[in-house]
Amino acid sequence: MTDQIKDQTLFVRNAVLADVKQIVALSKKVYGTHAFRSKMITSQITTFPEGQFVAEYKNKIVGHAATMILAESLALAPHTWKEITGHGYATRHNPAGNILYGMEVVVDPTMRGLRIGQRLYNLRKKLCKDRGLKGIVFGGRIPNFSKHASKGMSAEDYVQRVKEKKLRDPVLGFQIRNGFEPIGILHDYLAIDQASCGKAVHMVWWNALGKDTESNRRIREGGTVRLACVQFMVRKVKNFDEFIQQVEYFVDIASDYRSDFVVLPELYTLALLSAENKRHTPEEAIRDITAYTDRYVQAMTKMAMSHNINIIGGSHPTMEDDKLLNISYVFLRGGEVYRQPKIHPTPNERYWWNMQGGDHLNVIQTDCGPIGVLICYDSEFPELARHLADQGALILFVPFCTDERQGYLRVKYCSQARAVENQVYVATAGVVGNIPDVENMDIHYASSNILTPCDFPFARDGIAASAPANTETIIFADLNLNTLLQARHSGAVQNFKDRRFDLYEVNWLKD
């Protein structure tokens, strides 16, 4: 059974008729007199149910996105909101069209830190791709424009200055960062939007499979996930908040680069012990660090949700039923939290800390496919990776902490072997730096890697990205899961499929 310790608290889904009352209440909360009425919402859901989305947080709808399908000629022509949407009833929805038109996105203003808008935009893009549509079009608000229009600035100049980052507009800037391009101004789009002076920016996003433009060639292929590995330098900190700020700095970078996952190193939370301004014995170090567990889990859960990214939280020593375990907490962007204990403590961990090994190793289902976690030494046992691959894992994350080069090379070479023999991707992230007053954190050696199988579709040397040794940094790679599955069935070698099940297998003996 998967070890999930926190139920999902935020998720996005298709709207249903039972949501109408809450959607109307949300719209009124945000827009007041411009609120969608219940009959409009009902018409949208009835007309095109696949195109209506809601974000739900603790059984409450906190975000809503409405779409319909139009012909390209209609979507790209000048129009007003009332004309194009049939006054909000989606009466111009055309299933034979080739453009997904965004009628509305509404987000509860008290919940903006959870990047709900990002999630709703992602669903729109997914729908566009799934239906093979040419692109997405909508009229985007420019809520900061009225302040500049009063000084004589035109909407065209305003948009250009936002594109050049000379002015800031929270809505237009967000849309541009999400790959949407301004193609003009829609005058008299929505008179009641006084902040935008009734205008809107005509925005378009082309589906990469439907139109080959320079901007679309920058869009990632279908089936691709982006990984980020943080080579984290442990250093003295004044308090817990300063440590979390250091971690969030890298999580924010990974999120800005639109990564799906970011992985942090093993035992990196031991940096918290430097805040206590005393030299710790090994026994004191472990006892004191476990006291941070609840605060750590809460802070990282919030961080994953607010930055809309899945975080492989390295590892953190945790007391569980009088047993000391080295646990990797996995924080998904929907709010779920999973625990994966280290199965094999090293001889030093057993001797100095009385660390014990966990007894479960399960795949974690994510919005980007099934993953598994092997903490440092665990990567050196091929049975563990095979057990995860048999459960369906396509990406293995290996947070590690090694003190010198030989230990690092064991992790690197074994992780590369796991990638080849199971035909999976493996991402490693290690600790660098030192904390003199914390026992067993004296020196570190690391060069983090994102590893692939060794075959024609992958990186030439089986390394998609690699960090320079002993330098604090972050590395990225785009990995295509479809390519991985194809290689398993038709690659130059097919290690995962060609096993001799008549001779050997891996059986997990403890549930």
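What number of residues in the stretch 286-312 are in contact with a Leu (Cβ under 6 Å, 6 or more places away or on another chain) and at pLDDT 95 or above?
Total meeting the criteria: 2.
Restricting to the stretch 263-283, what's the tally of residues that are touching a residue at least 60 places away in the same chain (Cβ under 8 Å) and either within 28 Å of ASP378 (Cα to Cα) or touching a helix residue (DSSP H, G or I) at 6+ places or on another chain (Cβ under 6 Å) (or both)?
14
Matching residues to (1) without any contact (Cβ under 8 Å) to a residue 40 or more places away in the chain; (2) surrounded by fewer than 16 Cβ atoms within 10 Å (Cβ to Cβ):
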site: ASP442; (1), (2): yes, yes
site: ALA446; (1), (2): no, no
site: ASN449; (1), (2): no, no
site: ALA459; (1), (2): yes, no
site: PRO468; (1), (2): yes, yes
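Looking at this structure, is GLU336 free of Cβ contacts under 8 Å to residues at least 24 places away in the same chain and not β-branched (Val, Ile, Thr)? Lay out the reasoning, then the answer.
Numbers: free of Cβ contacts under 8 Å to residues at least 24 places away in the same chain: no; not β-branched (Val, Ile, Thr): yes.
Spelling it out, it is not the case that GLU336 is free of Cβ contacts under 8 Å to residues at least 24 places away in the same chain and not β-branched (Val, Ile, Thr).
For the stretch 295-321, give me each residue that is within 21 Å of GLY358 (Cβ to Cβ) and without any contact (Cβ under 8 Å) to a residue 24 or more places away in the chain.
Once the filter is applied, which keeps residues that are within 21 Å of GLY358 (Cβ to Cβ) and without any contact (Cβ under 8 Å) to a residue 24 or more places away in the chain, the stretch 295-321 yields GLU320, ASP321.
Pick out the one residue from ALA75, ALA55 that is within 16 Å of VAL204 (Cα to Cα) and either basic (Lys, Arg) or modelled with pLDDT of 90 or more (or both). Before you say what the answer is, go through the steps one by one.
On the way: ALA55 fails: within 16 Å of VAL204 (Cα to Cα).
Residue meeting the stated conditions: ALA75.
Is it the case that some residue within the stretch 86-96 is closer than 13 Å to MET40 by Cα, in contact with a strand residue (DSSP E or B) (Cβ under 7 Å, 6 or more places away or on another chain), without any contact (Cβ under 8 Å) to a residue 24 or more places away in the chain and not assigned by TED's automatic domain parsing to the domain that holds GLY334?
Looking through the stretch 86-96, none of the residues is closer than 13 Å to MET40 by Cα, in contact with a strand residue (DSSP E or B) (Cβ under 7 Å, 6 or more places away or on another chain), without any contact (Cβ under 8 Å) to a residue 24 or more places away in the chain and not assigned by TED's automatic domain parsing to the domain that holds GLY334.
So ALA304 ticks every box in (1) within 18 Å of LEU227 (Cβ to Cβ); (2) touching a helix residue (DSSP H, G or I) at 6+ places or on another chain (Cβ under 7 Å) but one. Which box is left unticked?
Evaluating ALA304 over (1) within 18 Å of LEU227 (Cβ to Cβ); (2) touching a helix residue (DSSP H, G or I) at 6+ places or on another chain (Cβ under 7 Å) leaves (2) as the failure.
Among the residues of the stretch 466-500, how many are of a type in the set (Val, Ile, Thr) and part of a loop (DSSP other than H, G, I, E, B)? Spell out how you get there, then give the answer.
Here is the first cut: in the stretch 466-500, the ones of a type in the set (Val, Ile, Thr) are 471, 473-475, 483, 493.
Keeping just the survivors that are part of a loop (DSSP other than H, G, I, E, B) gives 471, 493.
Here the count works out to 2.
Restricting to the stretch 270-284, give me the number of residues that are assigned to a helix (DSSP H, G or I) and either over 23 Å from ALA228 (Cβ atoms) or in contact with a Ser or Thr (Cβ under 6 Å, 6 or more places away or on another chain) (or both).
Applying the first criterion (assigned to a helix (DSSP H, G or I)) to the stretch 270-284 yields 270-276, 282-284.
From what is left, the residues that are either over 23 Å from ALA228 (Cβ atoms) or in contact with a Ser or Thr (Cβ under 6 Å, 6 or more places away or on another chain) (or both) are 273-276, 282-284.
Residues flagged as assigned to a helix (DSSP H, G or I) and either over 23 Å from ALA228 (Cβ atoms) or in contact with a Ser or Thr (Cβ under 6 Å, 6 or more places away or on another chain) (or both) within the stretch 270-284 amount to 7.
Considering only the stretch 57-73, how many residues are surrounded by 19 or more Cβ atoms within 10 Å (Cβ to Cβ) and either under 23 Å from ILE99 (Cα atoms) or outside the structural domain of GLY132 (by TED's automatic domain parsing) (or both)?
Residues in the stretch 57-73 being surrounded by 19 or more Cβ atoms within 10 Å (Cβ to Cβ) and either under 23 Å from ILE99 (Cα atoms) or outside the structural domain of GLY132 (by TED's automatic domain parsing) (or both): 8 in total.
I'm trying to understand the selection: among the residues of the stretch 285-321, which are within 16 Å of GLU266 (Cβ to Cβ), in a loop (DSSP other than H, G, I, E, B) and not hydroxyl-bearing (Ser, Thr, Tyr)?
Within the stretch 285-321, GLY313, GLY314 meet the criteria.
Considering only the stretch 334-377, state which residues are farther than 22 Å from GLN391 by Cα, among the charged types (D, E, K, R) and crowded, with 21+ Cβ neighbours inside 10 Å.
Listed by number, the list holds a single entry, GLU349.
Look at GLY357 and say whether it is part of a loop (DSSP other than H, G, I, E, B), at pLDDT 95 or above and in the same structural domain as CYS229 (by TED's automatic domain parsing). Let's see the steps before the verdict.
Details: part of a loop (DSSP other than H, G, I, E, B): yes; at pLDDT 95 or above: yes; in the same structural domain as CYS229 (by TED's automatic domain parsing): yes.
Taking the combined requirement at face value, the residue satisfies it.
If VAL431 satisfies every condition in (1) assigned to a loop (DSSP other than H, G, I, E, B); (2) surrounded by 19 or more Cβ atoms within 10 Å (Cβ to Cβ); (3) in the same structural domain as GLU276 (by TED's automatic domain parsing) but one, which is the exception?
Going through the list (1) assigned to a loop (DSSP other than H, G, I, E, B); (2) surrounded by 19 or more Cβ atoms within 10 Å (Cβ to Cβ); (3) in the same structural domain as GLU276 (by TED's automatic domain parsing), VAL431 breaks only (1).
Going by what's in this entry, would ALA464 be described as within 23 Å of PRO265 (Cβ to Cβ) and crowded, with 18+ Cβ neighbours inside 10 Å? Steps first, answer last, please.
Working: within 23 Å of PRO265 (Cβ to Cβ): yes; crowded, with 18+ Cβ neighbours inside 10 Å: yes.
So ALA464 passes the test.
Provide a single number: the residues in the stretch 269-285 that are among the hydroxyl-bearing types (Ser, Thr, Tyr) and at pLDDT 80 or above.
Keep residues of the stretch 269-285 that are among the hydroxyl-bearing types (Ser, Thr, Tyr), which gives 269, 274, 281.
With at pLDDT 80 or above added as a condition, the list becomes 269, 274.
Total meeting the criteria: 2.
Could you grab me the full set of residues in the stretch 37-56 that are surrounded by 19 or more Cβ atoms within 10 Å (Cβ to Cβ) and free of Cβ contacts under 8 Å to residues at least 40 places away in the same chain?
Selection gives ILE41, ILE45, GLN52.
Tell me yes or no: at least one residue of the stretch 383-390 is surrounded by 17 or more Cβ atoms within 10 Å (Cβ to Cβ), under 23 Å from VAL493 (Cα atoms) and modelled with pLDDT of 95 or more.
Scanning the stretch 383-390 turns up at least one residue that is surrounded by 17 or more Cβ atoms within 10 Å (Cβ to Cβ), under 23 Å from VAL493 (Cα atoms) and modelled with pLDDT of 95 or more.
With of a type outside the set (A, V, I, L, M), surrounded by fewer than 17 Cβ atoms within 10 Å (Cβ to Cβ) and on the phi > 0 side of the Ramachandran plot as the only criterion, which of ASP321, ASP294, ASP252, ASP241 stands out?
On the way: ASP294 fails: on the phi > 0 side of the Ramachandran plot; ASP252 fails: on the phi > 0 side of the Ramachandran plot; ASP241 fails: on the phi > 0 side of the Ramachandran plot.
Just a single option satisfies the conditions, and that option is ASP321.
ALA195 versus (1) buried (at least 17 other Cβ atoms within 10 Å of the Cβ); (2) aliphatic (A, V, I, L, M); (3) over 24 Å from MET303 (Cα atoms); (4) touching a Phe, Trp or Tyr at 6+ places or on another chain (Cβ under 9 Å): which is the lone unmet condition?
Condition (1) is where ALA195 drops out.
Does the stretch 386-393 contain at least one residue that is assigned to a strand (DSSP E or B) and of a type in the set (Gly, Ala, Ser)?
Start the filter on the stretch 386-393 by keeping residues that are assigned to a strand (DSSP E or B), which leaves none.
No - not one qualifying residue is present in the stretch 386-393.
Among the residues of the stretch 174-219, count how many are small (Gly, Ala, Ser), at pLDDT 85 or above and either closer than 19 Å to GLY102 by Cα or in contact with a Gly (Cβ under 6 Å, 6 or more places away or on another chain) (or both). Reasoning before the result, please.
Initially, the stretch 174-219 is screened for residues small (Gly, Ala, Ser), giving 179, 184, 191, 195-196, 198, 200, 208, 210, 215.
Going one step further and asking which of them are at pLDDT 85 or above, we end up with 179, 184, 191, 195-196, 198, 200.
This time we only want the ones that are either closer than 19 Å to GLY102 by Cα or in contact with a Gly (Cβ under 6 Å, 6 or more places away or on another chain) (or both), so: 179, 184, 191, 196, 198, 200.
Number satisfying all stated conditions: 6.
For LEU324, which of the numbered conditions (1) assigned to a strand (DSSP E or B); (2) over 30 Å from ASN178 (Cα atoms); (3) touching a residue at least 40 places away in the same chain (Cβ under 8 Å); (4) not small (Gly, Ala, Ser) fails to hold?
Only one criterion in (1) assigned to a strand (DSSP E or B); (2) over 30 Å from ASN178 (Cα atoms); (3) touching a residue at least 40 places away in the same chain (Cβ under 8 Å); (4) not small (Gly, Ala, Ser) is unmet by LEU324, namely (3).
The values are calculated or read from the model by the stated rules, or taken from the named source; none is laboratory data. Predicted, not measured: the structure shown is a model, and the values here were computed from it. Ideal geometry is used to build each Cβ from the backbone, glycine not excepted, and the neighbour counts take in all protein chains shown.
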